[in-house]
């Protein structure tokens with residue numbers, strides 16, 4: 001796949017987190033059991049990953065965000081140490097703090113959220129799904145620093161000058177896979193009104209080890225005010241593919257009937273936000289906003305054709321053969337004031353259940 005990417009001669013590469021899985025290794029050939037992962041991390045895996053991707057990343061810039069496997073929680077409470085050290089964002093002034101406690105209420109977590117703009121073409125905004133500030137104050141409360149920063153960043157983006165706006169986040173807001181189902185619903189509830197108000201076009205995510213593309217969606221309804229969400233967490237990993245769709249399982253997980261007691265909530269950002277669609281927490285059929293889904297390894301390419309049209313292609317890697325399995329033309333929506341309020345029915349179909357931990 002890497003050679004195929006190099007041959008395609010991309011202008012830049014976007015990676016939605018989970019670089020090396022160094023936190024899942026104790027030795028070169030010894031995995032750490034998931035139940036004890038946290039204080040250990042085999043750092044040479046970072047070097048191996050760097051050497052592997054050097055033929056590509058020595059030629060083109062990498063736009064990135066951190067995933068849960070970059071947290072690498074150390075016994076002294078520090079997090080994201082290797083990520084912040086090895087992938088600093090240029091021009092932000094200072095590195096992100098490595099303490100899980102916010103240094104100050106106004107301290108920007110620079111490596112954890114940042115923006116890159118190519119004037120006249122696009123702006124890519126990278127957000128973290130795992131911010132210390134968000135755990136303390138809650139996603140989208142208007143008090144967490146990332147939300148306030150994003151609000152300012154979006155307001156300062158001139159869409160006449162820079163037409164395309166893309167968000168890069170690790171954990172999906174919309175996914176029909178059983179793995180990590182609705183795990184990031186708190187961030188979706190808090191940030192989605194801002195994202196739709198300013199007309200974000202595309203949201204690229206990872207975390208789920210599979211592929212899925214949505215139609216424009218907002219608050220679990222098809223809506224041209226919402227962005228196209230693309231889960232592209234299928235580039236390869238040591239954990240295998242996520243193959244089950246929540247709506248086709250012969251027996252759905254217990255949390256579908258009792259979500260308040262569920263185990264699917266993220267241990268790295270333990271907030272719980274519950275939402276129901278058609279009276280159910282888990283989907284009973286593939287939602288109409290889910291346009292294409294397939295649990296296969298692959299990668300995607302985005303070609304911006306002009307100010308209003310782009311082509312997204314997903315190339316599947318099957319037995320060493322590369323075939324375009326999903327391709328769509330994305331047309332930019334209007335956004336703006338007409339998209340500032342969610343549909344009334346959708347707004348009434350969600351609830352928030354928060355707790356500090358499991």
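For (1) in a loop (DSSP other than H, G, I, E, B); (2) without any contact (Cβ under 8 Å) to a residue 60 or more places away in the chain, each residue gets a yes or a no:
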site	(1), (2)
48	no, yes
53	no, yes
59	yes, yes
76	yes, yes
82	no, no
Q | Flag for residue 208 being within 19 Å of residue 170 (Cα to Cα), under 17 Å from the mean Cα position of the chain (by Cα), crowded, with 18+ Cβ neighbours inside 10 Å and without any contact (Cβ under 8 Å) to a residue 40 or more places away in the chain | A | yes
Q. Looking at (1) surrounded by 13 or more Cβ atoms within 10 Å (Cβ to Cβ); (2) modelled with pLDDT of 90 or more; (3) more than 21 Å from the chain's Cα centre (by Cα), which is the only condition residue 63 fails?
A. (3)
Q) What is the one condition in (1) within 28 Å of residue 316 (Cβ to Cβ); (2) over 17 Å from the mean Cα position of the chain (by Cα); (3) touching a residue at least 40 places away in the same chain (Cβ under 8 Å) that residue 250 does not satisfy? A) (3)
Q.
Here is a list: 50, 16. Which entry is within 24 Å of residue 112 (Cα to Cα) and touching a strand residue (DSSP E or B) at 6+ places or on another chain (Cβ under 6 Å)?
A. 16
Q: Quick one: in the range 182-200, of everything that is more than 16 Å from residue 129 (Cα to Cα) and buried (at least 24 other Cβ atoms within 10 Å of the Cβ), which residue is nearest to the chain's Cα centre (by Cα)?
A: 200
Q | Pairs with Cβ under 7 Å, 6+ apart, first in the range 276-297 and on the phi < 0 side of the Ramachandran plot and at pLDDT below 95, second assigned to a strand (DSSP E or B) and surrounded by fewer than 16 Cβ atoms within 10 Å (Cβ to Cβ) | A | 296/318
Q | Subset of the range 196-215 [assigned to a loop (DSSP other than H, G, I, E, B) and either at pLDDT below 95 or more than 13 Å from residue 332 (Cβ to Cβ) (or both)] | A | 206, 207, 208, 209, 210, 215
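The values are calculated or read from the model by the stated rules, or taken from the named source; none is laboratory data. Everything numeric here is computed off the predicted structure, so don't read it as measured data. Cβ coordinates were reconstructed from backbone atoms using ideal geometry, including for glycine residues, and neighbour counts include every protein chain displayed.
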